[in-house]
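The block underneath contains the structure these notes are about, expressed in structure tokens.
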Protein chains: 2
Amino acid sequence: MTREEALEALAAHRREVDAIDLELLELLNRRTRVVESIGKIKQAAQLPIYEPRREEDVFRNVTQHNAGPLAPDALKRIFERIIDEMRTLQRMRRDGAGRGTEQGEKQC
Amino acid sequence: MTREEALEALAAHRREVDAIDLELLELLNRRTRVVESIGKIKQAAQLPIYEPRREEDVFRNVTQHNAGPLAPDALKRIFERIIDEMRTLQRMRRDGAGRGTEQGEKQC
């Protein structure tokens with residue numbers, strides 16, 4: 001492979017990464033909207049916000065279906081970050097609506 | 001909304017989250033495979049592994065296309081985690097192949 005061919009192949013692969021990232025972006029925003037709906041239902045029905053077993057279910061769902069090459073612990077760390085960011089958004093929404101933040105709140 | 005209706009709506013929303021997560025899983029593994037190909041091309045063509053501007057391009061791509069509700073900083077933190085995990089995987093692959101790890105290596 002010449003240097004020019006390598007650079008061309010690199011550019012093509014990066015366009016592929018960029019396209020995948022836009023799909024990831026769309027899914028992440030879609031997930032956020034569903035989590036926002038979950039928060040509203042819980043508020044309306046006065047259901048508990050924090051359900052630790054649900055978070056375990058989320059991790060189990062993705063690790064059970066993971067065929068790789070991502071390792072289970074890497075996948076778990078990525079989903080921890082996703083869940084954490086969506087929890088923070090929920091907290092901001094609620095605080096903005098003049099409500100207190102529940103300690104240890106988790107929503108996923 | 002009765003408590004039963006709320007629980008039913010919650011369950012439906014969680015099934016939706018679980019389905020989205022499996023799509024995220026598929027995309028994350030697809031992205032990992034492309035990043036692995038990028039690593040191989042760079043090794044074969046002896047191109048530098050670490051290209052900091054590429055990482056900025058990745059963040060710019062997603063933040064420029066982000067319509068929300070995820071905030072730009074939340075999105076950036078999620079992609080930092082994704083990039084970091086894929087870099088770790090690359091490092092393990094290379095170390096497993098008897099090569100040294102380049103300080104500050106980044107691949108995305």
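Output the residues belonging to the range B:54-75 that are in contact (Cβ under 8 Å) with a residue 24 or more places away in the chain and more than 8 Å from chain A (Cβ to nearest Cβ). Steps first, answer last, please.
If we filter the range B:54-75 for residues that are in contact (Cβ under 8 Å) with a residue 24 or more places away in the chain, which is where we start, we get B:54-55, B:58.
Once the filter is applied, which keeps residues that are in contact (Cβ under 8 Å) with a residue 24 or more places away in the chain and more than 8 Å from chain A (Cβ to nearest Cβ), the range B:54-75 yields only B:E55.
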How many residues does the range A:12-37 hold that are under 13 Å from B:F59 (Cα atoms) and among the acidic types (D, E)? 2
For the range B:14-53, the count of residues that are more than 7 Å from chain A (Cβ to nearest Cβ), crowded, with 19+ Cβ neighbours inside 10 Å and among the acidic types (D, E) equals 0
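Quick one: would you say B:L47 is modelled with pLDDT of 95 or more and on the phi < 0 side of the Ramachandran plot?
Numbers: modelled with pLDDT of 95 or more: no; on the phi < 0 side of the Ramachandran plot: yes.
It is false that B:L47 is modelled with pLDDT of 95 or more and on the phi < 0 side of the Ramachandran plot.
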Pull out all pairs, ordered by first then second residue, where Cβ-Cβ is under 8 Å, the residues are six or more apart or on different chains, the first lies in the range A:12-24 and is without any contact (Cβ under 8 Å) to a residue 40 or more places away in the chain, and the second is of a type outside the set (S, T, N, Q) and outside any helix (DSSP H, G or I). A:V17/B:C108
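The values are calculated or read from the model by the stated rules, or taken from the named source; none is laboratory data. Quick caveat: nothing in here was measured; it's all calculated off a predicted structure. All Cβ positions, even for glycine, are placed from backbone atoms using ideal geometry, and neighbour counts span all protein chains on display.
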